[in-house]
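First the structure, in the form of structure tokens, and then the observations on it.
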Amino acid sequence: LVLAVRPQVAAEVVPPLHIPANRPIISVIAALQIAQIAEWTGARRICRAIPLPFVETRQGVTPVFPPEPEAMALFDALGTALPVQDLQTFDAYAAGSALMGSYFGLVETAQGWLTEQGLNEADAATYLRALFGSLGDTLRDNPADLISLREGHSTKGGLNERGHQVFQAEGGGRALTLALDAILARIASLRV
């Protein structure tokens, strides 16, 4: 059984369900703890998962905690199931998954900058979709570590290297780290 409702309505929707205690439950309800689900349902085999929209095209990597066999099989069929052994690691994956808006915000900012330079908005979007889409393909398909990928796409003394240097010097990396810290803190606060 997969529980998939918004966290805001879980307390209203889940407790009235009649679920046999021996039936495994896979919860994809963000931040809803296993102990709470067990209290509401009486179930004994419960796991949590973080499927992202990419499971639709079987390209998702879904963290599963604890890695119950039924959930691992389900998410392997939808891409890759990633077994997670502890809550701290699972919460870190949850925080990392919350970067989707920031990713698109980066592209949106770049599009705005390009239009300020005189590009047509549609042309800027077409260009950036191809650029970031291709970079995403490279990231997914290339097993090299991330530093090697960054360096491999940045000519020494070139424009890409300079862009990354300015991004870091102006706090881009620190802002991303602070965002992840804030997301993780929010996840932790929901455990209480």
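The values are calculated or read from the model by the stated rules, or taken from the named source; none is laboratory data. Everything quoted here is computed from the prediction, not taken from an experiment. No Cβ is skipped: glycine too gets one built from the backbone with ideal geometry, and neighbour counts run over all protein chains shown. Side chains included, ligands, DNA and RNA excluded: accessible areas come from the protein's heavy atoms. Shrake-Rupley method; radii C 1.70, N 1.55, O 1.52, S 1.80 Å.
In the list ARG48, ARG129, ARG44, which residue meets the criterion of being touching a strand residue (DSSP E or B) at 6+ places or on another chain (Cβ under 6 Å) and of a type in the set (D, E, K, R)?
ARG48
Among what's in the range 26-51 and is among the basic types (Lys, Arg) and open to solvent by 20 Å² or more (accessible area, probe 1.4 Å), pick the residue that is farthest from THR89 (Cα to Cα).
ARG44
Of the residues ILE50, ILE46, ILE29, which single one is over 18 Å from the mean Cα position of the chain (by Cα) and among the aliphatic types (A, V, I, L, M)?
Answer to the selection: ILE46.
Please state which one of PHE54, PHE75 is crowded, with 17+ Cβ neighbours inside 10 Å and in a helix (DSSP H, G or I).
PHE75 is the lone residue from the list that is crowded, with 17+ Cβ neighbours inside 10 Å and in a helix (DSSP H, G or I).
Report, by residue number, each residue of the range 152-172 that is of a type outside the set (Val, Ile, Thr) and not in a helix (DSSP H, G or I).
Correct list: HIS153, SER154, LYS156, GLY157, GLY158, GLU170, GLY171.
For the range 152-177: of the residues being among the charged types (D, E, K, R) and over 21 Å from the mean Cα position of the chain (by Cα), which is nearest to PHE54 (Cα to Cα)?
GLU161
Tell me, which residue of the range 80-97 that is outside any helix (DSSP H, G or I) and within 20 Å of LEU3 (Cβ to Cβ) is most open to solvent (accessible area, probe 1.4 Å)?
By that ranking, first place goes to PRO83.
Give LEU180, LEU149 a once-over and let me know the one that is assigned to a helix (DSSP H, G or I), within 17 Å of the chain's Cα centre (by Cα) and among the aliphatic types (A, V, I, L, M).
LEU180
All but one of (1) closer than 29 Å to ALA30 by Cα; (2) open to solvent by 80 Å² or more (accessible area, probe 1.4 Å); (3) not acidic (Asp, Glu) hold for GLY105; state the number of the condition that does not hold.
For GLY105, the exception is condition (2).
For the range 18-38, name all the residues that are in contact with a strand residue (DSSP E or B) (Cβ under 8 Å, 6 or more places away or on another chain) and either over 19 Å from PRO63 (Cβ atoms) or basic (Lys, Arg) (or both).
ILE19, ALA38
Determine the pairs where a residue that is at negative phi, located within the range 67-93, has a partner that is assigned to a helix (DSSP H, G or I) and open to solvent by less than 50 Å² (accessible area, probe 1.4 Å) with Cβ atoms under 6 Å apart, the partner being 6 or more residues away or on another chain.
Once the first residue is at negative phi and sits in the range 67-93, its partners that are assigned to a helix (DSSP H, G or I) and open to solvent by less than 50 Å² (accessible area, probe 1.4 Å) give LEU78/VAL55; ALA81/MET72; ALA81/PHE75; VAL84/PHE90; ASP91/ILE187.
Across the range 125-146, which residue is farthest from GLY79 (Cα to Cα) among those that are open to solvent by 80 Å² or more (accessible area, probe 1.4 Å) and in a loop (DSSP other than H, G, I, E, B)?
In this case the residue turns out to be ASP145.
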